[in-house]
Amino acid sequence: MLVDPASPPEPAPAAGACPGGTGPADGPSSGSSGWTVVMPLKASARGKSRIDLAPDLRRRLVLMMATDAVTAVAGAPGVARVLLVVEDPDDGRTIADAARAAPVHDRSAPVDAHVTAATSLNAAIRDGAAQAGEGPVAVLPCDVPSATAAEIGAALAAAHRHARAVVADADGIGTTLLAAQHGRDLNPRYGPDSWRRHVDDGAVPLDLPAGSGLRRDVDLRSDLAAVTGPATRRAWRDSGEGAPASAPA
């Protein structure tokens, strides 16, 4: 379901319903007992501009990274809803439809998209959190295509023990996951040195191995070689950009 900010809110679904999902989910799948995961995405036409690739390929990789990340989150234990926060409605439709169709999980939370007018990452996150309703809310940007459902579920289970919690990227500088028991308490501070800023603001660091897919965001072309998300890996392989150089004659 694509939600336009100018449209009136739709009535809440009946208990146990999974609008836009693949069917009823096992475990917490609605209401305040499960996590709403807000996943912000800059418009694919201008996203990940630091990746040195042709614009069309870069846009495709942005969409495939988001598809892998959203699919993993939707299949993670404890997730009640995935809320994509997008600038471009077409991006939201493409990613949500692909994630819903991915036959890789026994359970999948519903995937919805919200079109934001926000022009910065933190403002987009706050906009998404405001749509989440009651219950715990986490934030995970769409550039973590190697994260698995199991890793995400384990991190969210650990986050449940704290009012706010944060996961560092592999460099220990940026932030991947930010979680709060109430969306109003998220206080996102993504940007330079965001992990330290979140910790200084009271978020409890969650200790994940450096090799965890949940810590491996993609910012540079060199990051793509180690991606394990299937949609991203396939797009990178098919592009020919990721193939090793031919040996000299």
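The values are calculated or read from the model by the stated rules, or taken from the named source; none is laboratory data. Since this is a predicted model, take the numbers as computed values, not measurements. Backbone-built Cβ (ideal geometry, glycine too); neighbour counts: all protein chains shown. Note: areas computed on protein heavy atoms with side chains; ligands, DNA, RNA excluded. Shrake-Rupley method; radii C 1.70, N 1.55, O 1.52, S 1.80 Å.
Pairing each residue of segment 71-88 that is closer than 16 Å to Pro40 by Cβ with any residue that is among the acidic types (Asp, Glu), provided the two are 6+ apart or on different chains, yields C-beta distances under 6 Å for Leu83/Asp112.
Across segment 54-82, the qualifying residues are those that are touching a Phe, Trp or Tyr at 6+ places or on another chain (Cβ under 7 Å) and surrounded by 24 or more Cβ atoms within 10 Å (Cβ to Cβ), and the one among them that is farthest from Trp236 (Cα to Cα) is Val79.
Whether a residue is out of contact with any Ser or Thr (no Cβ under 7 Å at 6 or more places or on another chain) and farther than 24 Å from Ala123 by Cβ was assessed, and Asp56 passes this test.
The residue that is nearest to the chain's Cα centre (by Cα), counting only those in segment 112-127 that are among the hydrophobic types (A, V, I, L, M, F, W, C) and open to solvent by 60 Å² or more (accessible area, probe 1.4 Å), is Leu121.
Taking segment 178-198 as the range and being more than 19 Å from Leu220 (Cα to Cα), open to solvent by less than 30 Å² (accessible area, probe 1.4 Å) and modelled with pLDDT of 95 or more as the test, the residues that pass are Leu178, Ala179, Ala180, Leu186, Pro188, His198.
The number of residues in segment 199-231 being part of a helix (DSSP H, G or I), closer than 19 Å to Ala76 by Cα and either modelled with pLDDT under 95 or not charged (D, E, K, R) (or both) comes to 4.
Condition check ((1) farther than 19 Å from Ala99 by Cβ; (2) of a type in the set (A, V, I, L, M); (3) in contact with a Cys (Cβ under 8 Å, 6 or more places away or on another chain)) across all residues:
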{"position": "Val144", "(1), (2), (3)": "no, yes, no"}
{"position": "Ala149", "(1), (2), (3)": "no, yes, no"}
{"position": "Ala157", "(1), (2), (3)": "yes, yes, no"}
{"position": "Pro192", "(1), (2), (3)": "yes, no, no"}
{"position": "Val199", "(1), (2), (3)": "yes, yes, no"}
{"position": "Asp207", "(1), (2), (3)": "yes, no, no"}
{"position": "Val218", "(1), (2), (3)": "no, yes, no"}
{"position": "Ser222", "(1), (2), (3)": "yes, no, no"}
